[in-house]
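Since the structure comes first, as structure tokens, the remarks are kept for the end.
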Amino acid sequence: MSAKKKQILSYFDNMSLLMVGALFVLFPIFFLSTTTDAFVLTKQLILIILTSLALLIYSIRTIIDGRLRLRTSPFDVPVLLLIVISLVSAILSVNRYDALIAFAPLLFVGFLYFVIINTVRTQKQLLFLLGTLTIGAVLAALLTIFSFLKLYPLPFSYTHVQYFTTFGSQLDQALYFALVLPIAGYFGYGYINGMSSGKQQEASFTTSATSQNHNAKPSGIMGIFGIAFLVIAVGLGLTVYWLLTSQHPLILPYATGLQTAFAAISQSGNVFKSLLFGSGFGTFINDFSQFKPASYNTNQALWALTFFRSSSFALELMATTGLLGIVTFGFIIYKVLREKNFFLPLLLALLASIVLPFSFTLVALMFILLALFAIVCIHNNPHKYGDAEFSLVAFKKGFLTTVPEGQHVTQSAPERRFSRILPFLFLVIVLVVLALPLFFVARFAISDFIFQQSLVAASENNGVATYQLQAEAITAFPYRDIYYRSFSQTNLALANALATNQPKNASPSAQVQKNILTLIQQSINAGRTAVTVSPATAFNWNNLSSIYRSLIGFGQNADKFTVLTLNQAIALDPNNPQQYVDLGGVYYQLGQFDDAIREFQTAVNLKQDYANGYYNLGHALEEKGQYDQAMTMYQTVKQLVSDNAENTKKIDADIDALNKRVAAVKAGQNPNGEARQQQATGSAQTSPIQQNQQQAIDVNKSETTLPERNPKAEIPGPTVTVTPAGNNAHNAQPTTAAPTKASNR
């Protein structure tokens, strides 16, 4: 090989290594406020971009080299299997789009693993990557230390809080620091030990148990690692202090996560598919909603929360990728433990993945550590692992063959010419494999930027800009249900504003009525498309039901559509008491008090200390004329809200109003006295409880209600059919419907 060619190859090697090193530095500290997720999503994007560049650089290098040489490692097969199984689970998922969106970053984590394996070939290169990984953690730790001291070096106002973290989670930050700390500590200890003995200590980072040493490192580099160790240790200490004092992490109880995982793979419609491949990678939120046990409601701190991650990464993997996914992950652990070497950061990461939830940041770090450990294993077992050169021997055997480094295969001249084509074929394969996911990643990122702008516009009460930006986001990436949910509510709010802002005693013009109907139609279409894109997500059915509920009195059959969609939401979230309060509220609104009582009773059975459930049940019983039982419910509410002055005042007013009503009945007067009417009209209209907060007690009502219309407008129904199942009233199944893009009119 000529000197010039070696120089060019070295240049490409350094470029690929630089991409990976830049990723290691930026990954823990990179964030952007211009996306809907300032922390995790931006880390995903920077990893995808730099990994793609590194992979392309390596592919071009193989062409210049004229040979296709790929490195083998002990973890190639299990890593590849995990990626393939995750992909299959995503394709088979009911919420296919959600699962594929979640899978895309994992795919590039797999690419990163193989890029690192094929890029790092010398001890110096390994030390460079270990150094950049440490630098990234040091920078994040410095920001933590500065924040603790109330010194804010970043120019963004939202970062000027003492608990700010570039990870978006103190738990993620603590785990990241804990996993990188041993790397800095190993080299730092070598330096300190050498200084204390009066001589330079020879350092090796194969592993702490390996018997093979390498060339001594400069004491200056070791000293830098020692300083880095101290900085990361301080950052870790502060983070742990915050976690133990003020920033308590919200983690799903392990028992609930275990029950949910087993239920997800054994109780779905297609048991065989779920058993093998789970519900779909990245869709744990649906598993949690559908399979969380009723006992979860007894947890006062967590019952109103919906978790999108399980109690641990392993349990989440079991629920979303099935037995094949968790067995493959166990295979990775087995392969790591079989190696004679010992790599503390990786072992800590694997242990943490079994007992703690992992965000994408930690999953990526775990695979990075796995790749670095694989390089150590390759170095210590050069005869077992290493480079394999692919050569065409089609004229003899008809197959591709691999030739270990240092050996050669006897080839004829035509075979050698064909073998030189392999690097070009490899580049084509890389381009094809990258093109499709990068195309959708780019569209996703653009749409997310636009959607974030719409949220800013909404916070500024700019309805027109919100509408236009959300329509643009949907056009850019029409596969994300949250876009349709938001767009449906925006259309509904604009329709309500047009209907309610008309002059008093004046009928809307024909054009205004047309605009109102158009907005309502678009709201329903967007809500229906959301449940088509992600049919297993209860939030989407709740959103659609809220749209129909706001149209009761305005649109034909809106009441029936409301009940139908709420039943589907209940089927997907059966142990959530708020779902039954919502359905009972609809029946209460329609004057069907027996049905309302049944639903409210179900809510309090699921959560026996649910004040708002008893409150609504009391009102339904009161309207039914069962005053004694209503008073019992009100007294129960008063006991449950005794520590809340505002709620206590409200329930006292209800009790007084009920006593007057009972007195009026005994006196033979109209039971619907003035006191009750004033109390009822004085109740603020509140939206149904959100999954992450508990509302004050109130009669369940619709957040938005359009004025009644006569004759009622024709509105499209939901794309569902009800399948009776004995006495189970909550059994609706979605039908398939083609996604409908929202109109930009």
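One table, with the values for the structure above:
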{"read-out": "Fully extended contour minus Cα-Cα distance, from residue 122 to residue 227, at 0.36 nm per residue", "value": "35.3 nm"}
{"read-out": "Within the accessible area of segment 497-541 (1.4 Å probe), percent carbon and sulfur", "value": "52"}
{"read-out": "Residue-normalised accessible area of segment 454-580, given per residue in Å² at a 1.4 Å probe", "value": "35"}
{"read-out": "Two-site label geometry, residue 439 and residue 648: point separation in nm, points 7 Å out along Cα→Cβ", "value": "6.4"}
{"read-out": "Kirkwood-type radius of segment 1-59, with distances r between different C-alpha atoms, in Å", "value": "12.7"}
{"read-out": "Per-pair calculated FRET efficiency, R0 = 51 Å: residue 244 and residue 667 via Cβ, rounded to 0.05", "value": "0.25"}
{"read-out": "Where segment 222-286 is the region considered: accessible area per residue in Å², 1.4 Å probe", "value": "46"}
{"read-out": "Whichever lysines have a C-alpha closer than 29 Å to that of residue 150, once near sequence neighbours (fewer than 8 apart) are set aside", "value": "43"}
{"read-out": "P(r), alpha carbons of segment 425-543 - 5 Å bins starting at zero, rounded %", "value": "2, 11, 17, 17, 17, 12, 8, 6, 4, 3, 1, 1, 1, 0, 0"}
{"read-out": "Low-density loop positions, trypsin sites (Lys or Arg not before Pro), segment 448-514 - DSSP coil, at most 15 other Cβ in 10 Å", "value": "504"}
{"read-out": "Links that overshoot a 21 Å alpha carbon limit, given the list 638/666; 6/124; 560/712; 340/384; 504/701", "value": "638/666; 504/701"}
{"read-out": "Pairs of alpha carbons in segment 1-147 whose separation is greater than 18 Å (percent)", "value": "66"}
{"read-out": "Cα-only Debye scattering, segment 35-83: base-10 log of I(q)/I(0) at q = 0.28, 0.32 Å⁻¹", "value": "-0.98, -1.01"}
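The values are calculated or read from the model by the stated rules, or taken from the named source; none is laboratory data. Remember, it's a predicted structure, so these values are computed and weren't measured experimentally. No Cβ is skipped: glycine too gets one built from the backbone with ideal geometry, and neighbour counts run over all protein chains shown. We work out accessible area using only protein heavy atoms, side chains counted, and drop any ligands, DNA or RNA first. Shrake-Rupley method; radii C 1.70, N 1.55, O 1.52, S 1.80 Å.
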